[in-house]
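Notes follow the structure.
Every number here is computed from the coordinates shown, using simple stated rules; none is lab data. Bear in mind that the values here come from a model prediction, so they are computed numbers and not experimental data. No Cβ is skipped: glycine too gets one built from the backbone with ideal geometry, and neighbour counts run over all protein chains shown.
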Amino acid sequence: MSSLGPTVLPRLLSVLVTFWAGSLWTICAVVAPSLFSVIGDRHLAGQVAAHLFRAEAFIGLIVGVVLFALSALSPTTLSTRRGRVLIATTAALPLISQAGVGPLLDKARAAGDMARFGMLHGVAGALFLLACISALLLVWEFNRRAE
């Protein structure tokens, strides 16, 4: 049994999973689109959105590591192979978007290659969308046994 007690650890994990999924969905589905409808300067809106997506990737890295560490303390649905894959997927996809696609986006924008920029923007968006879906599955999986 964990030194955190039989009910504290699962609740802490639940809060972390919920926070993470909520932050991903909020940034991707609410905040980023709102920036482009509220801020008249699309370049500025894009800069703010890019900053928030970088922050979200960093949050995902931290929360993913914490979830791996805490789930090792006590067997939960996050300790299963499926749970670990969902944690890794939800953390990795935004990091891939930021570290892999982000620099290519910057180069395409700087070169004025808007066709390439648009294609890369679609790839980055797809990676974040897949992370959102993975986060939803993670919440679903974690709460599956609580029913």
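Things worth noting here:
- Gyration tensor verdict on the range 8-144 (Cα atoms; rounded if a/c is under 1.5, prolate if a/b is larger than b/c, oblate otherwise): prolate
- Between Ile133 and Phe68, the simple spin-label model (points 7 angstrom out along Cα→Cβ) gives 2.4 nm.
- When both the range 124-138 and the range 58-123 are represented by their alpha-carbon centers, they are found 9 Å apart.
- Evaluating 6.51 cos²θ - 1.76 cosθ + 1.60 at θ = phi - 60° for every residue in the range 47-60, the Karplus couplings come out as 5, 5, 4, 4, 4, 5, 5, 4, 4, 5, 5, 5, 4, x Hz, glycine and proline recorded as x.
- Here the chain is treated with +1 on each Lys and Arg Cβ and -1 on each Asp and Glu Cβ, and its dipole about the Cα centre works out to around 280 debye.
- Principal-axis tilt of helix 114-144 within the chain, Cα atoms, nearest 10 degrees: 10 degrees
- Overall form of the range 103-147 per C-alpha gyration tensor (a/c, 1.5; a/b vs b/c): prolate
- Between Val8 and Ile39, the simple spin-label model (points 7 angstrom out along Cα→Cβ) gives 4.1 nm.
- Folded to 0 to 90 degrees: helix 81-96 orientation relative to the chain principal axis, Cα: 20 degrees
- Selected from Ser37, Ser79, Thr89, residue furthest toward positive end of dipole (the range 1-90; charges at beta carbon): Ser79
- With both labels modelled 7 Å from their Cα along Cα-to-Cβ, the Phe58 to Arg82 distance reads 3.4 nm.
- Derived scalar couplings ³J(HN,Hα) [the range 32-37; Karplus, 6.51 cos²θ - 1.76 cosθ + 1.60; whole Hz; x for Gly, Pro]: 4, x, 5, 4, 6, 8
- The calculated FRET efficiency for Phe19 paired with Val48, based on their beta-carbon distance and R0 = 25 Å, is about 0.70.
- For the chain, the mean residue ellipticity at 222 nm estimated from helices alone is -26500 deg cm²/dmol, where every DSSP H run of n ≥ 4 contributes -39500 (n - 2.57) and the total is divided by all residues, rounded to the nearest 500.
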